[in-house]
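Have a look at the structure below before the remarks.
Where a number appears in this text, it was derived from the coordinates with a stated rule and is not lab data. Keep in mind the model is a prediction, meaning the values are calculated, not measured. Positions of Cβ are backbone-derived with ideal geometry, glycine not excepted, and every protein chain shown enters the neighbour counts.
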Amino acid sequence: MSTPHDRSVDALGTWCPVPVTMARDAVARMAPGEVLEVLADDPMVFLDLPAWCHDHGHEVLSMEQRRDVITSLIRVR
Amino acid sequence: MTAYLDHASAWPLAEAVRAELERWNAHVGSPMALHEAARGPAEAIDAARRDVVALAGWPAECVIFTAGPTEARNLAIKGGLSAAGVDAPVIVADPLAHSSSLAVARTLTRRAGALRLAPVDPLGRVSPAELATLAASNGPLDVATPETTTPADLVVITHGQAEVGTIQDAAALAAAVRAACPDALIVLDAEETAGLMPLDDGLGADLVVIGGRTLGAPPWTGALLVRPGTRLHPLVEGGLEEGGKRGGAHDVPGIAALGMAAREARADRVARVERMRACSATLAEGLLAVPGTRLNGPAVPDRLPGHVQVSAEGVEGEAVALAMAARGVAVSPGSACTFGAGKASPVLEAMGLADEAARSAVLLTAGPATTDAEMDEAVAAYAEAVASLRGMSPA
């Protein structure tokens, strides 16, 4: 059961920075306060996604890895 | 060319489809760029995305454009199993599946896993119960792979069979597999049926292979439709194109042409199918009047629209096709995939056709614009070719 979110990005199988860029494009279409789910399997997202969120003021609500899939939840600034 | 009856290879392009190709060939600007020249191509791709995914009724983001259906098959099978994290895949298909699906399955199971092939009846049909049993547990195996009792990771269902025209009850097959083996990915190969038959909700499959040809688009165009929530890894890795699932620059003219063709096919589907079925009936009647000729595959009302495959005693299919070509009639030998290999079609062999009949097969495929005059010419050329070749054979 996935956590409630307003939009989801499936970046599975891609390598950074593609997941971050896909998150950026999704966030550009979202309203402040909405939650974005990012699915990825490149471990670099553990570093790159929080760094990008920090730079742009978005809040990382959670990052969890289950088997190969890393699920990140971001609240849009 | 006096008669074109090789729609199994390529369709003549409709005027609106050709106009899209020409329009975007003349346009400079990548759809991924930030400037004004990107706007047109980006909007053309968005429009095509909506028109193509409408075949299954899924959201616009559920389509990945590919360079033809063969790439889409590779993406579905390799990308689906990769995203599922399967190292030793068990794949279920049938011997009538497209050769590229079988090649991918054999490659992926070369060192570990297994390929199981479902039996087919003499008309090429797969039983839902037998497919489900095979997916859930064990069954006849491809000779090249070891035995296993593991449930299937992926099942390939071929909606329409290109050589013999068999149409599977894909929805029933997918439902049976889903009930018996809920975790298996289901790939529906709809290359031969897209635009001709409804594909609502992907007929229950997770991934749907689309080819441009039967929509009336160039044969090098295609797409993979992805059920919402289905996980997939890219086959061609690169950047952001196609949601990261298919890297590389977009074929804007091809995608725009595919979208236009999908739009026209949806609007015109019933009339096209009616005309193509009538062509099948006319062709079959004329061809079967040649003594010693038999129809391979299902009866005309039950086979792919526009499709007829026949075998005539005492002749080789390739020789007949060449003789007809010399008279200006375009047809195919029975199997494009084994053409030139000196082998009978494995599809016809799997259906239990005798070797001689399999080698003599010739495929005629009509389209919605095929004329009565073309069919008359084709039937006459076939009769003449068969008679001439039989006359040259030793008694």
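Taking the alpha-carbon centroid of each part, what is the distance from segment A:1-47 to segment B:344-395 in angstrom?
About 55 Å separates the Cα centre of segment A:1-47 from the one of segment B:344-395.
In segment B:14-47, which residues have a backbone nitrogen under 19 Å from the label point lying 7 Å from residue B:60's Cα in the Cα-to-Cβ direction?
B:30-47, by backbone N distance to the label point.
Would you please give the FRET efficiency between residue A:25 and residue B:274, computed as 1/(1 + (r/R0)^6) with r the Cβ-Cβ distance and R0 = 45 Å, to the nearest 0.05?
For R0 = 45 Å, the calculated efficiency reads 0.55.
Using a 7 Å offset from the Cα along the Cα-to-Cβ direction at both residue A:15 and residue A:69, what is the distance between the two label points in nm, to one decimal?
According to this spin-label approximation, the distance is 2.3 nm.
Between residue B:249 and residue B:99, what is 0.36 nm times their sequence separation minus the Cα-Cα distance? Round to one decimal in nm.
Residue separation times 0.36 nm, minus the Cα-Cα distance, leaves 51.3 nm.
Return the calculated 222 nm mean residue ellipticity for the protein assembly as shown, to the nearest 500 deg cm²/dmol, obtained by summing -39500 (n - 2.57) across DSSP H runs with n ≥ 4 and dividing by the residue count.
Value at 222 nm, helices only: -11000 deg cm²/dmol.
What size of dipole, in debye to the nearest 20, comes out for the protein assembly as shown about its Cα centre when the only charges are +1 on Lys and Arg C-beta atoms and -1 on Asp and Glu C-beta atoms?
Around 180 debye, computed over the protein assembly as shown.
Residue separation times 0.36 nm, minus the C-alpha to C-alpha distance between residue B:2 and residue B:111: what's the value?
Between residue B:2 and residue B:111, full extension yields 34.2 nm more.
Residue B:388 to residue B:294: FRET efficiency via 1/(1 + (r/R0)^6), r the Cβ-Cβ distance, R0 22 Å, to the nearest 0.05?
0.70
Which shape class applies to segment B:43-112: rounded if a/c is under 1.5, otherwise prolate when a/b exceeds b/c and oblate if not, where a ≥ b ≥ c are the square roots of the Cα gyration tensor eigenvalues?
prolate
With label points built 7 Å along Cα→Cβ from the Cα atoms of residue B:354 and residue B:46, find their separation and express it in nm.
For residue B:354 paired with residue B:46, the spin-label model returns 6.2 nm.
Taking chain A as a Gaussian network, where each spring joins two C-alpha atoms under 10 Å apart, which residue of A:41, A:55, A:25 fluctuates the most?
A:55
Determine the shape class of segment B:15-265: with a ≥ b ≥ c the square roots of the Cα gyration tensor eigenvalues, call it rounded for a/c under 1.5, and otherwise prolate if a/b is greater than b/c, oblate otherwise.
Note, shape of segment B:15-265 comes out prolate.
State, as an integer percentage, the relative contact order of chain B based on alpha-carbon contacts under 8 Å between residues 6 or more apart.
Answer for chain B is 22 percent.
For peptide B:367-377, how many partner chain Cβ atoms fall within 10 Å of a residue's Cβ, on average?
0
With a/c under 1.5 counting as rounded, go ahead and sort segment A:1-58 into rounded, prolate or oblate using the C-alpha gyration tensor (a ≥ b ≥ c being the square roots of the eigenvalues; past the cut-off, prolate if a/b is larger than b/c, else oblate).
Since a/c reaches 1.5 but b/c is at least a/b, the shape of segment A:1-58 is classed as oblate.
Please report how far the C-alpha centroid of segment B:78-140 lies from that of segment B:167-223, rounded to the nearest whole angstrom.
15
List the residues whose amide H sits under 5 Å from the amide H of residue B:361, counting only those 5 or more places along or on another chain, with H placed 1.01 Å from N in the peptide plane.
When sequence neighbours closer than 5 places are left aside, the close amide H contacts are B:317, B:334.
Taking loop as defined by DSSP and a crowding limit of 15 other beta carbons within 10 Å, which trypsin sites (Lys or Arg not before Pro) in segment B:86-141 fit?
B:110, B:111
Along the charge dipole of the protein assembly as shown, which of B:193, B:109, B:369 sits closest to the positive end, that is, farthest toward it, with unit charges on the beta carbon of Lys, Arg, Asp and Glu (+1, +1, -1, -1)?
Highest projection toward the positive end goes to B:109.
Per residue and in Å³, how big is the convex hull formed by the alpha-carbon atoms of the protein assembly as shown?
Hull volume normalised by residue count: 144 Å³.
Return a whole-number percent for the relative contact order of segment A:7-75, with Cα pairs under 8 Å and 6 or more residues apart as the contact set.
35 percent.
Considering chain B as a Gaussian network with a 10 Å cut-off on Cα pairs, which listed residue, B:29, B:211, B:229, attains the greatest mean-square fluctuation?
Per the Cα network of chain B with a 10 Å cutoff, B:229 tops the list.
Would you mind working out the magnitude of the charge dipole of segment B:15-265 relative to its Cα centre, with +1 at each Lys and Arg C-beta and -1 at each Asp and Glu C-beta, to the nearest 20 Debye?
340
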